[in-house]
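Down below is the structure, laid out as structure tokens.
Bear in mind these aren't lab numbers, they're just calculated from the coordinates by the rules spelled out. Just so it is clear, the structure is predicted and the values come from calculations on it, not from any experiment. Neighbour counts run over all protein chains shown; Cβ positions are idealised from the backbone, glycine included.
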Amino acid sequence: MKNIIQYFVYTIAVIFMFAACKKDMIDPLTGKYPKPVEFTSNMIGSQNVVKQEGGIRVISLQMSSAGTSFDVDFVVNTFFLRENAYTIAPAESARNGNYIAARFGQQSVVTGVIDVKLSGENTYTISGTLQLADNTFVKVFFEGAIIFEPDPPEYTYTLEVQKPYAYTMDGMTFTPVVGSQLNNIDVYADGALVAHFEIVTAENPSSLSGDYPVSGEIRDANGAVVQGMYMDLSMFGVGIIEGGSFIFEDENQYIFGGKLTIADDNGTLTFTSSDFTILDKESGFDPLPLPGIISINYPDAVNDGGSGGYNGVELTKLLSVSSMDLSMFGGSGFNVTVKLATDGLTGTDDGMGGISFTGSGNYVSIDFRRDAATLVEGVYNIVPDASAQSGDAIAGYPAMFGDGNWGSVWGTVTDGAGSDVQITGGVINVSVSGDVYTIEIEATTENGDDIKASFTGELDS
């Protein structure tokens, strides 16, 4: 019984000690966070929109109530105020989704999120609890009409296509996705770059309309946006590695996640997204935490360059591949010649180094200067024969005997009758995955015409 009473006394003592400690822990917090001042308004005292480069605008609003005002400058990429959770940022680094200045009465805002909601055509709700420079707080609430006069930028885009799209597992070995193409789209607002999208689709889509999720691992042609990449490996002597899709606002903001929607109206494209997350460049692997979400709206962009392909020329047929040992003529090295053609063209060797054609289409003959009788991966600049070294491609030149051209040429055939012109400059990219070669040609001819063409397949001699 004595032990029970003693235990009861100890228990009571502990309870009193805990209560005392708890009171001591709570007391110092009393009054630390004063109740925010509440500001409610339904009146816009003034508004102003300042247009900047790249389609960016600063929208300045003053909300008034009972002789007090709340002023804020929002940064947006449209002519009107978009729905978003806006965070404060310095003017020199601010981008869409920030506000660069805010003031309640005579006190500046130092932090806090301002939520903007749009209900109906012009009815806005603007709210947030904000900390002021004197360490007090204000709870802002506005609901009312705000009307913006349309002043959209003129949007344009360029498009280039790579066939097929190639994904890589280890950063070095590229594996082509059969039946796919990579659509490289640059979007401009009043002539200034605002976005670069790399979009994987099936080959030759009739329309780009659709929803495209952002992905870092694309192995099919179902439609996706290639995730942006940024890694600073300077400490390893490698430098910065970057690529993929990005939004440009003062600098490249690499897209990490979300979804892009494209509406294609006979080649006029509208790009929208409400949930792009942006790569954290410090880590190189993680998205920025909320509210680091970017929303975009680029309406009615017209094609200002690019045809949806390498000038529409896809080389699908290997006519021949051969090599010549230049030591037989007193030189050194090898010329590796690759002849390719479009789908509607058939060619057979005429026994004299030429091709006899049937059908209609285009063809190209390329002379690569090599140190061995093989074609390897690389970037081959097209240079005159006299100055060509191993790793170059040889420009076209007049044949030494008879009519025609030698070196690299571009040809056109109609019903079996063909003619060619000399390729005088440009570059040829050759990539290899296993037995599959991808050859991309960007060149000019003696007539000043630009040529873009591509081939993917095996080179069997």
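Using the Karplus curve 6.51 cos²θ - 1.76 cosθ + 1.60 with θ = phi - 60°, work out ³J(HN,Hα) for each residue of the stretch 83-89 in order, rounded to whole Hz, and write x for Gly and Pro.
The phi angles translate into 4, 5, 9, 8, 10, 7, 7 Hz.
Which label belongs to the value computed from this structure, given these candidates for P(r) over Cα pairs in 10 Å bins from 0, in percent: [x] 4, 15, 22, 23, 17, 11, 5, 2, 0, 0; [y] 4, 16, 20, 17, 14, 10, 8, 6, 3, 2, 1, 0, 0; [z] 4, 19, 30, 29, 15, 3, 0?
Entry [y].
Report, to the nearest 10°, how far helix 2-26 tilts away from the longest principal axis of the Cα atoms in the chain, using its own Cα long axis and a range of 0 to 90°.
Taking Cα atoms only, the helix is inclined about 70 degrees.
How many angstrom lie between the Cα centre of the stretch 123-173 and the Cα centre of the stretch 433-452?
39 Å
Which longest uninterrupted range of the chain lacks any trypsin sites (Lys or Arg not before Pro) assigned by DSSP to a loop state (not H, G, I, E or B) and surrounded by at most 15 other Cβ atoms within 10 Å?
Longest site-free region, per DSSP loop and neighbour criteria: 220-461.
Among the listed pairs 35/117; 117/163; 51/163, which have their C-alpha atoms separated by more than 32 angstrom in this model?
The answer is 117/163; 51/163.
List the GluC sites (Glu not before Pro) within the stretch 49-101 that DSSP assigns to loop and that have no more than 14 neighbouring Cβ atoms inside 10 Å.
Loop-located and lightly packed - 83, 92.
Please sort by residue number the GluC sites (Glu not before Pro) in the stretch 405-458 whose DSSP state is loop and whose Cβ has at most 16 other Cβ atoms within 10 Å.
Filter output for the stretch 405-458: 446.
Per the helix-only calculation at 222 nm, which mean residue ellipticity applies to the chain, given -39500 (n - 2.57) for every DSSP H run of n ≥ 4 and division by its residues, nearest 500 deg cm²/dmol?
Helix contribution divided over all residues of the chain: -2000 deg cm²/dmol.
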